Amino acid sequence: MRTLGIHTNYFRFKATEKAMKGAESISQTEFSLEEDCIVVYVGVEKADEAAPLVVTRKLIDDTLKRAETLKVKKVIVYPYVHLTQDPSSPRTALSVLKNAKKMLAEKLEVVRAPFGWYKAFEVSAKGHPLSEWSGFFSIDEEEAKAEKSEDEVRGDKFTKFICVDIEGNEYEVTPDKFKKNAIFKKKKPVYKLLKRFVSNEFGKGVDTTRAPKHIEFMQRLELVDYCDASEKGHYKWYPKGLFIQKLILEYAGMLAHEWGAMEMKNPLIIRGDNNIVGELMGEFHERDYKVDGGRGVCYLRYASDPLGFPFMQKVRFSHKQSPLKVYEEATCFRNEQEGEVSGLKRVRNFMMTDMHAACATTDEAKKEFEDLCYLFQRLMDDIIARGRWVLGWEGTIDFYEDNKEWLLGICKTMKVPSFFKLMPEMTHYYAIKNEFQSITEDESNIQVSTVQWDVKDGERFDIGYVDDDGKKHPVPVILHASSFGSIERTLCTILENIAIDINQGKPAMFPVWLAPTQVRLCPVKDEFLEYATGLCDRFNRANIRCDLDDRPDTVSKKIRNSEREWIPYVLVIGQKEIDSGELMVRIRETGKQQKMTFDELVDRIHTESKGMPFRRIPMPRLVSKRPIFHG
């Protein structure tokens, strides 16, 4: 960072026009201070991006010392990119300037000149020996490491911890003695899951040396696999995996439509000089993917928010049309650290289903928040595993205390135990959020859905409703709701819950509506192929995903292969079935065989899949025509 300081008799400036598209919004274009003050011209440099807080603190220390020496109580912070030939990104510069004002304001009166504008200014220097100075503040390697460490724990300053049972009763816990709390003496199995989740949140140990089971399953079943031509954390999807991904996306779209959201789509790339978006990205504390197409640095989006909010900003809606609800299937990128990428649990490229509601009143926001919670409760039971998940919450102590009855009422209505982590003040855009957490086979937890109460971005992005007088008002609350925070993580969670089923002696299988093949036909001999082919066609015309193992194998081997593929219903086709018209059905869920007619089996599968989306079988119906994707 390079600075120029002047002790002045007076200082005046006027913002004339935007110097960049990402210039911050301002309401006051002119300012005049007709008394002595310090003006600090600031040029933030690229090197400062390694530790912007460190360099800001150095600026503050120097400015406070000079103000004390000069006996000055007023300071003007003035962005001045012309001090450097190697400027930082606009995002970093604006963050430094805002933090500088905030820190100086603890002891001085501070004015910050607008960023991203051409400005005319008049200055009258005092002319004494200490009235002008220049500064250069740099960062060493240790300082950069220290700030990185500080940034990683920022937002985790939780000081109060509360568990809530399914009746809505509170139990305050502490990290060192939580295991002895009365809530964990309750007999229902779900409290064991809550105890495991709380233990994980307090960092009390999960075995991370064992490879997650979902990695074995995703490869053996030919769903998803690593891609040598890409970097770690970016995956290739085989036909059956892509089929499951698209069915889950269709389910998410159904939920969003039921909730009343309108689907939209935004770009993947965010301009580096859009400062409002940059401020939001900095607050999210994620790892950015930077790209440069020769027109300046840009970022791949980490969620739908950075471009979803500018989208909502341009939408004109009245209080009668509130809440404004939008939905997006968003491809996202997060440049996670090498050691943190693990199978599908933590990836660098993923698909998120994101929902937002801009609400004109807090009462409206509360109703929508509740509706989303109940929708996602159904999602967890339908798709992940009924009874194997808990709710995690994060927020401020004040919001919890002010809204305790409402929050505990949600927990009681859902009949799901919860764990609240509370902090003294907001470090993010949300005052409260919840996370729908599944406890996996290795006893770790995976977040599937979330609902968040955002109190910052309505004003920050000028997202507002129009009243009867035609005046625009920022919405007090924007709800963020991700039905599937990551489709990849969702598939991981489904597979990990299947691993739990296996450990409990249950058969491994997808929900019938999600199984790529629902019915497999296994002819005893080649002479029954023609009949089996016609039967396969009948099932598929009835919207049942049916395939035919036409390979020259024994029946026992065909059945074993269908079991390895977790196929819910297997039918052996021989002369008896042709003559009687009845089908002997092997039912995977029960491990039993049962005689059924064609219509009875179709009705059974339709009943099991009721209300869920349907897609055609993703592979050739003749098994002999299928290639091997994973050796």
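The values are calculated or read from the model by the stated rules, or taken from the named source; none is laboratory data. If you're wondering where the values come from, they're calculated on a predicted model, not measured in any experiment. Quick reminder, even Gly has a Cβ in these numbers, built from the backbone with ideal geometry, and neighbours come from all protein chains shown. All accessible areas refer to the heavy atoms of the entire protein, side chains included, with ligands and DNA or RNA removed. Shrake-Rupley method; radii C 1.70, N 1.55, O 1.52, S 1.80 Å.
Distance from the alpha carbon centroid of the stretch 324-373 to that of the stretch 521-556 works out to 42 angstrom. For K119, the amide hydrogen comes within under 5 Å of the amide hydrogens of T16, counting only partners 5 or more places away or on other chains and with H modelled in the peptide plane. Largest accessible area first, the residues T69, T353 order themselves as T69, T353 under a 1.4 Å probe with ligands, DNA and RNA left out. In order along the stretch 35-52, the phi-based Karplus estimate (6.51 cos²θ - 1.76 cosθ + 1.60, θ = phi - 60°) of 3J(HN,Hα) comes to 8, 5, 7, 9, 10, 10, 7, 10, x, 7, 10, 4, 4, 5, 5, 5, 7, x Hz; Gly and Pro are listed as x. Label sites at E425 and D61, each approximated as a point 7 angstrom past Cα along Cα to Cβ, lie 2.2 nm apart. Kirkwood radius and radius of gyration were both taken over the C-alpha atoms of the stretch 510-585, and their ratio Rg/Rh is 0.94.
Annotation: amide H-H contacts under 5 Å for I432 (H modelled 1.01 Å from N, sequence separation of 5 or more, or interchain): W453. A simple charge model with +1 on the Cβ of Lys and Arg, -1 on the Cβ of Asp and Glu and nothing else charged puts the dipole of the stretch 1-101 at about 140 debye relative to its Cα centre.
Per-residue Karplus couplings for the stretch 393-407, computed as 6.51 cos²θ - 1.76 cosθ + 1.60 with θ equal to phi - 60°, are listed in order as 10, 9, x, 9, 4, 4, 5, 4, 5, 6, 10, 4, 4, 5, 5 Hz, Gly and Pro entered as x. Relative to one another, the C-alpha centroids of the stretch 601-628 and the stretch 83-149 are positioned 63 Å apart. In order along the stretch 67-75, phi translates into HN-Hα couplings of 4, 5, 4, 8, 6, 10, 10, 10, 9 Hz, rounded to whole numbers, per the Karplus curve 6.51 cos²θ - 1.76 cosθ + 1.60 with θ = phi - 60° and x for Gly and Pro.
Set against the labelled values (1) 91, 79, 57; (2) 88, 60, 43; (3) 110, 57, 57, Cα extents along the principal axes in Å computed from this structure falls on (3). When the surface is traced with a 1.4 Å probe over the full set of protein chains, M103 keeps roughly 50 Å² accessible. Take the cross-link list K14/K101; K21/K119; K525/K610; K240/K433 and give me the ones stretching past 24 Å between alpha-carbons. Distance filter (> 24 Å) returns K525/K610; K240/K433. Surface listing: R196, R545, R560 arranged by accessible area from highest to lowest gives R560, R196, R545, probe 1.4 Å.
Let a ≥ b ≥ c be the square roots of the eigenvalues of the Cα gyration tensor of the stretch 393-450; is it rounded (a/c under 1.5), or, if not, prolate (a/b larger than b/c) or oblate? Since a/c reaches 1.5 but b/c is at least a/b, the shape of the stretch 393-450 is classed as oblate. A protection proxy built from the mean count of other Cβ atoms within 10 Å ranks the segments 252-261, 497-506, most packed first, as 252-261, 497-506.
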